[in-house]
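Chemist: Take this structure first; my questions come after.
The values are calculated or read from the model by the stated rules, or taken from the named source; none is laboratory data. Since the structure is predicted, the reported quantities are computational estimates derived from the model, not experimental observations. Heads up, the Cβs are rebuilt from the backbone with ideal geometry, glycines too, and the neighbour counts pull from every protein chain shown.
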Amino acid sequence: MEKIQVNNALLKQFKVWFQEGNLADLHNQLGQMYPQDIAAVIDRLNTEEARKVMNALDKEAVVKVLVETEQEAREQFLSAYSSYEIANEFIEKMNSDDAAYILNHFSNNKKEEIIAKLHDIEYASSLLELISYENETAGSLMALELVKAYEDWSVKKCIEEIRIQAENVESILVVYVVDDLERLKGIITLKNLILADPNEQIQKLFNKEVISVSTSAPVDEVANLTKKYDLMVLPVVDPLGRLVGRITIDDVVDLIKDEADEDYQLMSGITEDVDPTDKVWILSRARLPWLIIGLFGGIASSRFLALYEGQIMIHPEMAFFIPMIAAMGGNVGVQSSAIVVQGIANDTLGTKNIGQKILKELRVALLNGIICSLLILFYNLAFQDSYELALTVSFALLTVIIFASIFGTFIPMVLNQMKIDPALATGPFITTSNDLLGIVIYFSIGRLLY
């Protein structure tokens, strides 16, 4: 196989093969591609063409491609199959974590119907357990396939058991050591097993310092642990400490990407997880709430301006700097909140010395505010005739930057305490709020200094 760039030329070639009915060249091309690249092709084809590609693959390849395709393309393909066919031709051939991922995109009735059709009752029971875990928890992310050894085994017996257990495991990174009650006691690497005396007891070799995570742990904790300790795989235990599954690095990478995409959309004022291929109504529904909030924020701004109508009539030159004051307040608020949100996401903000962190942010805001206010002061003194206007704009800008920094620092912390995604604070919420705050501060200072 080779990595193939999915571009318009490749898609055009696929369409030519479809029109000509050239299944030989189509099958040959697919045989040279990774499942991820085939999925990228399918995501850019219509339903009929996508099914032609999938039908040209063997069942094993179809299973791998299905996991990589976008949800809409996958649903359209599977809609042609019965629950029995989905269960035994696709789900049964997947790793448990991939199977649970696919099943969780069906309705509750449909997923239970599919699981009920599985021939392998033990596997069906395992999948029922997996889909019972709440979303966004370690239990919902883990795979049940793993290799384990009991602490009273010898190295020879352990290696023999690995050969048996490995049939259902895609990759073996470590061997987990458990006691008679299935409680996780430690890990042992394949290297240590190979180099050890075959008659040596496992309990004398394994590493007892093992990092694990509970089934109920949030996925953010999974990502942070994996990143902090450079883990390739993370064992999952139940409330009694019994080993129940493992989470591999590839799932964590997907998780981090999904979380980053979600935060980016929230920061942009998009309230749902959407994709460019989604329908117009879905895309509109995801964007509209914050646009409406921004609209009402604009109405509120106009009402605030109306309160200062007399001031603007006496000093119309003040209106020239309204956009600048509002924009600077919004920018500073977004910058401050972005730093806090990043600290919360990376678990580096901590719960201690919050006051010192806020004080540091204030010092940064004061320094930036002084520099920006001096720059606008020099500009106004050079190009404006009004000394009062120059002082008003400069002092208002300094004040707005400080207040916006405080607002941008506190809001993410408050949202996080309320169990609301703090990424919301870095989007239209902060921008709109600081627009209003900036206008009030600007004209209040103008009334005092003019």
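Chemist: Here are some residues: ASN88, ASN22, ASN55. Which one is without any contact (Cβ under 8 Å) to a residue 60 or more places away in the chain, more than 30 Å from TYR123 (Cβ to Cβ) and of a type outside the set (Val, Ile, Thr)?
Modeler: On the way: ASN88 fails: more than 30 Å from TYR123 (Cβ to Cβ); ASN55 fails: more than 30 Å from TYR123 (Cβ to Cβ).
The conditions single out ASN22.
Chemist: Having 1 or more residues that are touching a Lys or Arg at 6+ places or on another chain (Cβ under 8 Å) and polar (S, T, N, Q) is the bar; report the helices (runs of 4 or more DSSP H) wholly within the stretch 92-192 that clear it.
Modeler: Working: elements: 96-103, 108-116, 121-132, 138-141, 155-165.
Those helices (runs of 4 or more DSSP H) span 155-165.
Chemist: In the stretch 320-350, what residues are modelled with pLDDT of 80 or more and among the hydroxyl-bearing types (Ser, Thr, Tyr)?
Modeler: SER336, SER337
Chemist: Within the stretch 195-210, which residues are exposed (fewer than 14 other Cβ atoms within 10 Å of the Cβ) and touching a residue at least 24 places away in the same chain (Cβ under 8 Å)?
Modeler: If the condition is that a residue be exposed (fewer than 14 other Cβ atoms within 10 Å of the Cβ) and touching a residue at least 24 places away in the same chain (Cβ under 8 Å), then ASP197, PRO198, ASN199 are the ones that fit.
Chemist: Tell me the residue from ILE299, ILE293 that is loosely packed, with under 12 Cβ neighbours inside 10 Å and either of a type in the set (Asp, Glu) or more than 20 Å from VAL400 (Cα to Cα) (or both), please. Working first, answer last.
Modeler: Details: ILE293 fails: loosely packed, with under 12 Cβ neighbours inside 10 Å.
Result of the check over ILE299, ILE293: ILE299.
Chemist: While we're here: Would you check which residues across the stretch 103-129 are under 21 Å from ASN168 (Cβ atoms) and out of contact with any Leu (no Cβ under 7 Å at 6 or more places or on another chain) and list them?
Modeler: Step one: filter the stretch 103-129 for residues under 21 Å from ASN168 (Cβ atoms), giving 103, 114-115, 117-129.
Correct list: LYS117, LEU118, HIS119, ASP120, ILE121, GLU122, TYR123, SER125, LEU128, GLU129.
Chemist: Just to be sure I understand, how many residues within the stretch 238-252 are within 16 Å of LEU225 (Cβ to Cβ), of a type outside the set (Asp, Glu) and not in a strand (DSSP E or B)?
Modeler: Number of matching residues: 2.
Chemist: Keeping to the stretch 76-85, report how many residues are farther than 25 Å from GLN32 by Cα, in contact with a Phe, Trp or Tyr (Cβ under 9 Å, 6 or more places away or on another chain) and assigned to a helix (DSSP H, G or I).
Modeler: 0
Chemist: Yes or no: the stretch 103-125 includes at least one residue that is in the same structural domain as PHE14 (by TED's automatic domain parsing), closer than 19 Å to ILE38 by Cα and of a type in the set (A, V, I, L, M, F, W, C).
Modeler: Checking the stretch 103-125: not a single residue is in the same structural domain as PHE14 (by TED's automatic domain parsing), closer than 19 Å to ILE38 by Cα and of a type in the set (A, V, I, L, M, F, W, C).
Chemist: I need the full set of residues from the stretch 362-396 which are modelled with pLDDT under 90, crowded, with 19+ Cβ neighbours inside 10 Å and not aliphatic (A, V, I, L, M), in order please.
Modeler: Residues satisfying the conditions are ASN380, THR392.
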